[in-house]
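Step one of this worksheet: look at the structure below.
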C-alpha cells in the first residue's frame, strides 16, 4: 500500500527491486522512495555513512538564529521567495501565525525541499518561479527560525492545482540520542482553500507584548529595500508595488498595520541628497543634489588611494540623505525634534542584499563604515559626518551569492575582498560628498553675511562719527538734533559691522585655539621624546656590545638605526619650536631652511623609496622678509606631506620630490614638484579652501598615523601664512616629468 512503512526487513529483501517498482507507479510515494534509498545504503555491509543526532536541530535553531526579530524576518523572506505579494503576521496570546499568498508547496516540494536540511534548491534556482525575484535565502536553514520562535510548528500549504497539505513538527522530539531521520512528522490533508502557506508557531519561547511587537516593527519595517536604485525606474518603492508585510496585534479585531520604513517622511528635510556608484573603470563616482544649497554635481570622481580600486563592486549603489544637526538646517518645533530623535536612534547607512536588509549594518551603535570613529578624531576640523548625519542605504545585487555571503547566523556578511571594498567605497564617497556640501554651505553663509568691512573702513567710519560729534557742540536747535541722530545711526552701523566681523572670524579663532593647543601638546611630546631617545640609544649601545649572537646584534643595530631616524625628526621639530618661542620676526635664510628640511625629509623619504632633490638657480644668500622660521618650515613640510600621499597613490617606479629655488629682484621663488597622482585642473584653486583636501582620505582599513594629511587645512594654512607676509602659493602647469607643481613666492628681505 502507498505510504506503508517498511519495518524489520529480512536479509533477503530486494530493496532495489522495490525501489524500481515504486518509481514506476503513477502516484509515486516520495516518502517511500526516500526510505527505500536509505535501506539500500544500510543493507550494504561494505559501506558506512554518517548519521545525524536529532539534537542537531536544537543547535541549528538556537545558534544560527539568535534573535527573535531575525527569526521572524527569515520566515518573511521565505514568503518573499515563494512569490507572495502579502504576508500577514498575527500575534495571538499563545501563538504566532504567518500567512502568505505565495506559491505554496506540492507534496514533493514539502518532502524534498522544506523537510530537507540545507537544501541547495535556492542556489540551483536563484530566481523565484513566477515573479522571477532574486532569492533572499540561500543556505536552506531559514526554516529553523520557526524553532527559535516556538516549540511546535504547523505548516498548512497549498500549491496551484494541488490539494492542501499539512505537517506538524514538534521540535522537542529532536532530542539527543535520537537519529534525525527516524523521527516521523505526519503529513495530512490541509485546510487551506487558496494558494499559499500558513505557518502556526505555538508554545512560544518569548513573550510578545506591545513593546516586543513595536521592536519587531522597527526591525521588519525597513526589511525590504525602500526603493530601487538600479532598476529601469529608479526610485520605485519596492514594498508598495510588489511586496508588503501586515501586522495584526489583535486578530479578533481584524485590524492590521502595514510594516513600513518610518524614516521615509524625513528624507525631504535633508540638507542634501547623495548618490554613488562604481563606473566602468571601477572608480567611485558621486552625485550631490541640494535645492537649499543650489548644488547639482553629477558623476564627480572620488579621489581614492589608487585608480580602479573597486573591481569587486559591480551592481553596487549608495543613496543617502545628509543632515546638519543644528540651526538653521534643522526645522524648529515638533518636526525638528522628531528628526533629531530619528537621527540619534536610527541614523546610519543600511545594507540591502538582493532587495532585503542585512543586519546589523545601520543599527544603533553599529559603526560598520567607521564614520563615527573617524569623525571623533576630527570633529573640531570638519563639518559633521558621523552616522547620526545620514539616513541612507547601499544596494547590492549578488545573484550568485559568491561576493557577498551572509554568515550562518544571518547577522552580517563574511569579510570577503568585496566586502572590504564596499566599506572603502561607502566611506570615501560619503566623505567626498560632505566636502562638496560643506564648501557650498560656507559660500552660502558668506553670501548671506555680505561684504565684510575691513578694520580700515571701520576706523574711517568712527573718525566721521567723531567729526560729526564735534559739529554737534557748535550746532543749535533742529540742526543739533539732526546731527545727534546721524551720530547714533553711524554708531549703529559701526556696531553691526563689528558684529559681522566677529561672526566671520569666530570659527577661525576657534580653529587657531585648537591648533595652538595641539602645538603645545606636540612641543611637550617632542621634549619628552628627545630625553627618552637619549636613554634609549645608550641602552641599545650596551645591548649591542653584550649581544651573544650575530642575528641578535643585527636586529639591535636595525633598531638603533630606526632610533637615529626618530631622533632626526624630533631634532627638526624641536628646532622649529625653539625658534618660534622668541615671537620675534627675522629674515629667514632660505639655504639654511632648505638644509634643515632635507635633514628631516631625507630619512622619511628614504624609508618610502622617494628621492628628494633640491636645485638652486639663484644667489645662495637669499633671505625672506621678516617671518618666523617655523612658518617657512611649515610651508615645506605641508607640501612634502601632500607629495608623500600623492606618490603613494600613484606608485611610480621611483618617487621624486624636487624643490627648485630661484629669485627675482623682489621675491624668493620655490617651485615644489612631485610625480604623484596629480591634482585635476578644475581643483587647482579649490585645494586652498578650508577642508578641501588635496589628498584623499585613507580608507577605513588604513587610517592611522597619516590621517591628518587629509584634513583639508594644510594648504589653507600655507596660503594664509604666505599671504600674511605678502607672499603667495598656487598650482601651476607641472614641470616636465612631474604631475604636480606648486609655485611659492615670498618677498625678499630689503638689503639694509
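Counting the residues of region 348-361 that are touching a helix residue (DSSP H, G or I) at 6+ places or on another chain (Cβ under 9 Å) and either at pLDDT below 90 or surrounded by fewer than 17 Cβ atoms within 10 Å (Cβ to Cβ) (or both) gives 4. Filtering 162, 193, 202 for residues that are under 30 Å from residue 130 (Cβ atoms), in contact (Cβ under 8 Å) with a residue 24 or more places away in the chain, in the same structural domain as residue 72 (by TED's automatic domain parsing) and surrounded by 13 or more Cβ atoms within 10 Å (Cβ to Cβ) leaves a single hit, 162.
For the criterion of being surrounded by fewer than 17 Cβ atoms within 10 Å (Cβ to Cβ), outside any loop (DSSP other than H, G, I, E, B) and either modelled with pLDDT under 90 or in contact with a helix residue (DSSP H, G or I) (Cβ under 8 Å, 6 or more places away or on another chain) (or both), residue 73 fails. Taken over region 378-397, the residue count meeting the criterion of being touching a helix residue (DSSP H, G or I) at 6+ places or on another chain (Cβ under 8 Å) and at pLDDT 75 or above is 10. For residue 312, indicate whether it is surrounded by 16 or more Cβ atoms within 10 Å (Cβ to Cβ), modelled with pLDDT under 90, farther than 18 Å from residue 432 by Cβ and not assigned by TED's automatic domain parsing to the domain that holds residue 216. Answer is yes for this residue. Against the numbered list (1) part of a loop (DSSP other than H, G, I, E, B); (2) over 25 Å from residue 269 (Cβ atoms), residue 299 comes up short only at (1).
Among the residues of region 233-251, at least one is closer than 29 Å to residue 384 by Cα and modelled with pLDDT under 85.
The values are calculated or read from the model by the stated rules, or taken from the named source; none is laboratory data. This one's a predicted model, so the numbers in the text were calculated from it and none came from an experiment. Quick reminder, even Gly has a Cβ in these numbers, built from the backbone with ideal geometry, and neighbours come from all protein chains shown.
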